[in-house]
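Enquirer: My structure is below; once you've seen it, I'll send some questions.
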Amino acid sequence: MAATYGNLGTIEQTRGNLDVAEEYFKKGLKIDKALGRKEGMAAKYGNLGLIETTRGNLDAAAAYHNQALELNEALGRKAGMAIAYGNLGLIEETRGNLDAAAAYHNQALELNEALGRKVGMAINYGNLGNIEQKRDNLDAAEEYFKKGLKIDKALGCKEGMAASYGNLGLLEKARGDMDAAIAYWRKSHALYAEMGIPHMVEKVAGWLRDAGAPVDGDAG
């Protein structure tokens, strides 16, 4: 039942029905607590943290992720710890605490490297690249984005590749090289379209239009 509530919560979260998702996660959490299932509890706390992040309630989100982290540490679940560190890093980045954010992402990266969790490593590299771009360290940012892209290509992870191409496009725009930016965004747009992720298709299409580049599917 607890696992089923968690799965239903994830579906509603994906649909954007955050109140319904929260209700499912809390039902599952209540059962996990009663059974002493710490792994289940950690997962639910993480999901609740993501909901609060989406709502912009960063203090509540951080509290949930720290609860998840504490449980994963007690269980010795390094993969769970890495996910919690990554989520805490995103919160600190949103708060503008870039040093704290980088520290969390590096902790996540260290764990993922030790575990050989390549998907996690690619995400960490992308997050560290975003931080370096915000710091205006464009060469360092590019290095991180390309490390993540290399992993995603090896894994055939199209969504990760699309995100990396999008980030590299933004980086080239910051450098003033719009031709390079457009080339990256075209790759990103094509991958998102292939996967059928409409909100990202439109987001990247907006970047292309703003750059004066034609977009596949536009009239005329």
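The values are calculated or read from the model by the stated rules, or taken from the named source; none is laboratory data. Since the model is a prediction, treat every value here as computed from it, not as a measurement. Reconstructed Cβ throughout: ideal geometry from the backbone, glycine too, with neighbour counts over all protein chains shown.
Enquirer: Regarding residue 179, is this residue surrounded by fewer than 20 Cβ atoms within 10 Å (Cβ to Cβ) and either outside any helix (DSSP H, G or I) or among the hydrophobic types (A, V, I, L, M, F, W, C) (or both)? Lay out the reasoning, then the answer.
Expert: Values: surrounded by fewer than 20 Cβ atoms within 10 Å (Cβ to Cβ): yes; either outside any helix (DSSP H, G or I) or among the hydrophobic types (A, V, I, L, M, F, W, C) (or both): no.
Here the answer is no, as residue 179 does not meet what is asked.
Enquirer: Right, something else. Among the residues in the stretch 140-155, are any under 26 Å from residue 66 (Cβ atoms), touching a helix residue (DSSP H, G or I) at 6+ places or on another chain (Cβ under 8 Å) and surrounded by fewer than 14 Cβ atoms within 10 Å (Cβ to Cβ)?
Expert: No, every residue in the stretch 140-155 fails to be under 26 Å from residue 66 (Cβ atoms), touching a helix residue (DSSP H, G or I) at 6+ places or on another chain (Cβ under 8 Å) and surrounded by fewer than 14 Cβ atoms within 10 Å (Cβ to Cβ).
Residues are listed down the side, and each one gets a yes or a no for (1) assigned to a helix (DSSP H, G or I); (2) within 22 Å of residue 143 (Cβ to Cβ); (3) at pLDDT 95 or above; (4) not polar (S, T, N, Q):
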position: 163; (1), (2), (3), (4): yes, yes, yes, yes
position: 167; (1), (2), (3), (4): yes, yes, yes, no
position: 170; (1), (2), (3), (4): yes, yes, yes, yes
position: 187; (1), (2), (3), (4): yes, yes, yes, yes
position: 204; (1), (2), (3), (4): yes, no, yes, yes
position: 214; (1), (2), (3), (4): no, no, no, yes
position: 217; (1), (2), (3), (4): no, no, no, yes
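Enquirer: Additional query: Name the pairs whose Cβ atoms lie under 6 Å apart, with the first residue in the stretch 92-103 and within 17 Å of residue 49 (Cβ to Cβ) and in contact (Cβ under 8 Å) with a residue 12 or more places away in the chain, the second surrounded by fewer than 16 Cβ atoms within 10 Å (Cβ to Cβ) and of a type in the set (A, V, I, L, M), and 6 or more positions between them or separate chains?
Expert: 92/100
Enquirer: Now a separate question. Being farther than 30 Å from residue 2 by Cβ, in contact with a helix residue (DSSP H, G or I) (Cβ under 6 Å, 6 or more places away or on another chain) and either crowded, with 20+ Cβ neighbours inside 10 Å or of a type outside the set (S, T, N, Q) (or both) is true for just one of 64, 125. Which residue is that?
Expert: 125
Enquirer: I'm trying to understand the selection: among the residues of the stretch 28-41, which are without any contact (Cβ under 8 Å) to a residue 40 or more places away in the chain and in a helix (DSSP H, G or I)?
Expert: The first filter runs over the stretch 28-41 and keeps only residues without any contact (Cβ under 8 Å) to a residue 40 or more places away in the chain, leaving 28-38, 40-41.
Those that are without any contact (Cβ under 8 Å) to a residue 40 or more places away in the chain and in a helix (DSSP H, G or I): 28, 29, 30, 31, 32, 33, 34, 35, 38, 40, 41.
Enquirer: Among the numbered criteria (1) among the hydrophobic types (A, V, I, L, M, F, W, C); (2) over 22 Å from residue 197 (Cα atoms); (3) surrounded by 22 or more Cβ atoms within 10 Å (Cβ to Cβ), which one does residue 185 miss?
Expert: (2)
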